[in-house]
1. With respect to residue 55, determine if the residue is surrounded by fewer than 18 Cβ atoms within 10 Å (Cβ to Cβ), farther than 16 Å from residue 231 by Cβ, at pLDDT below 95 and over 16 Å from the mean Cα position of the chain (by Cα).
2. Sort through 150, 124 and tell me the only one that's in contact (Cβ under 8 Å) with a residue 40 or more places away in the chain, more than 21 Å from residue 50 (Cβ to Cβ) and surrounded by 19 or more Cβ atoms within 10 Å (Cβ to Cβ).
3. Would you please name the residue that is nearest to the chain's Cα centre (by Cα), looking only at residues in the range 35-52 that are within 11 Å of ligand 2 (Cβ to nearest atom) and under 20 Å from residue 187 (Cα atoms)?
4. Kindly evaluate residue 100 against the criterion of being more than 16 Å from ligand 2 (Cβ to nearest atom), within 17 Å of the chain's Cα centre (by Cα) and surrounded by 20 or more Cβ atoms within 10 Å (Cβ to Cβ).
5. Please note which strands (runs of 3 or more DSSP E) are completely contained in the range 155-237 and include at least 1 residues that are in contact (Cβ under 8 Å) with a residue 12 or more places away in the chain, out of contact with any strand residue (DSSP E or B) (no Cβ under 6 Å at 6 or more places or on another chain) and within 16 Å of ligand 1 (Cβ to nearest atom).
6. Being over 30 Å from residue 260 (Cβ atoms) and in contact (Cβ under 8 Å) with a residue 40 or more places away in the chain: is that true of residue 69 here?
7. Could you count how many residues in the range 127-144 are closer than 16 Å to residue 181 by Cβ and crowded, with 20+ Cβ neighbours inside 10 Å?
8. Is there any pair linking a residue in the range 28-46 that is under 20 Å from residue 220 (Cα atoms) to one that is in a helix (DSSP H, G or I) and near ligand 2 (Cβ under 9 Å from one of its atoms), with Cβ under 6 Å and at least six apart or on different chains, and which?
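The values are calculated or read from the model by the stated rules, or taken from the named source; none is laboratory data. Nothing here was measured: the structure is a model prediction, and the numbers come from that model. Cβ: placed from backbone, ideal geometry, glycine included. Neighbour counts: every protein chain shown.
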Ligand SMILES: Nc1ncnc2c1ncn2[C@@H]1O[C@H](COP(=O)(O)OP(=O)(O)OP(=O)(O)O)[C@@H](O)[C@H]1O
Ligand SMILES: [Mg+2]
């Protein structure tokens, strides 16, 4: 569905950031993208919805090409973004206006706007905050409103670019449970993160290293088989614990299920 075909990208010539990467992400996947600082994760994310265009190769979404301006608008409507810094996501004076603003941009009929906003706020458990001023919300609440604003536009994919990294553990847990809930409802989730616990909860993990796709597969198998320190990553706590308890064994299906269930709503 979302397809990278030999994608090549640099900001400065002779310094490729994305070096001929190919992969595709199907509808309904939950993919974590990990890698060292500056390895190109955000660049990759921006290539996905045409905020950046490949210098070589092609990025297509459902057959539409990001390099084709006529098709790019259609791609953009289907891919939502939530960024790292909750402070930078807002431009209006109330939570409701923030959501409406996004809907105006994609020309949603006025009479439909309120229903969409209400539904989106319910999905992130922020109903009742319509009139709140975004800048007075906590970091976690801001990120939930940012998700609601994206949801109201009814995308098929949401890309979270380190959207949990400025939150406290409780805020992160809540964000993750929302992501998993949206995934259960059929949304495609792409989660760029430095938190390996969160990466472990995904169904598929992509590792970017020196411009290449170094790993693409099951997250638990990644931590079982790869020397993660070589990529400036840490083992998730659960994996370290498991190794202490059962040094020879790989993570079993039971463990994987247990690890995933910790992010579901309670
Ligand atoms: N606008 C830009 N102009 C020039 N170089 C850039 C630009 N944006 C990013 N870079 C460089 O491209 C490389 C990849 O950056 P990118 O932001 O994609 O990495 P990242 O994996 O998202 O990093 P982080 O984990 O810190 O968010 C880095 O070396 C960065 O310095
Ligand atoms: Mg980044």
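1. Details: surrounded by fewer than 18 Cβ atoms within 10 Å (Cβ to Cβ): yes; farther than 16 Å from residue 231 by Cβ: yes; at pLDDT below 95: no; over 16 Å from the mean Cα position of the chain (by Cα): yes.
For residue 55, the condition - surrounded by fewer than 18 Cβ atoms within 10 Å (Cβ to Cβ), farther than 16 Å from residue 231 by Cβ, at pLDDT below 95 and over 16 Å from the mean Cα position of the chain (by Cα) - is not met.
2. Step by step, each of 150, 124 is checked, and only 124 is in contact (Cβ under 8 Å) with a residue 40 or more places away in the chain, more than 21 Å from residue 50 (Cβ to Cβ) and surrounded by 19 or more Cβ atoms within 10 Å (Cβ to Cβ).
3. We begin by selecting, within the range 35-52, every residue within 11 Å of ligand 2 (Cβ to nearest atom); these are 35-46.
Going one step further and asking which of them are under 20 Å from residue 187 (Cα atoms), we end up with 44-46.
Details: 44: 12, 45: 9, 46: 12 Å.
The extreme case among them is 45.
4. Working: more than 16 Å from ligand 2 (Cβ to nearest atom): yes; within 17 Å of the chain's Cα centre (by Cα): no; surrounded by 20 or more Cβ atoms within 10 Å (Cβ to Cβ): yes.
Here the answer is no, as residue 100 does not meet what is asked.
5. Numbers: elements: 157-161, 188-192, 204-209, 212-217.
Answer list for the range 155-237: 204-209.
6. Numbers: over 30 Å from residue 260 (Cβ atoms): yes; in contact (Cβ under 8 Å) with a residue 40 or more places away in the chain: no.
Taking the combined requirement at face value, the residue does not satisfy it.
7. Going residue by residue through the range 127-144, those that are closer than 16 Å to residue 181 by Cβ are 127, 140, 143-144.
Remaining after also requiring crowded, with 20+ Cβ neighbours inside 10 Å: 143-144.
Final tally of qualifying residues: 2.
8. Here the result reads 33/41; 35/41, each pair linking the range 28-46 to a residue that is in a helix (DSSP H, G or I) and near ligand 2 (Cβ under 9 Å from one of its atoms).
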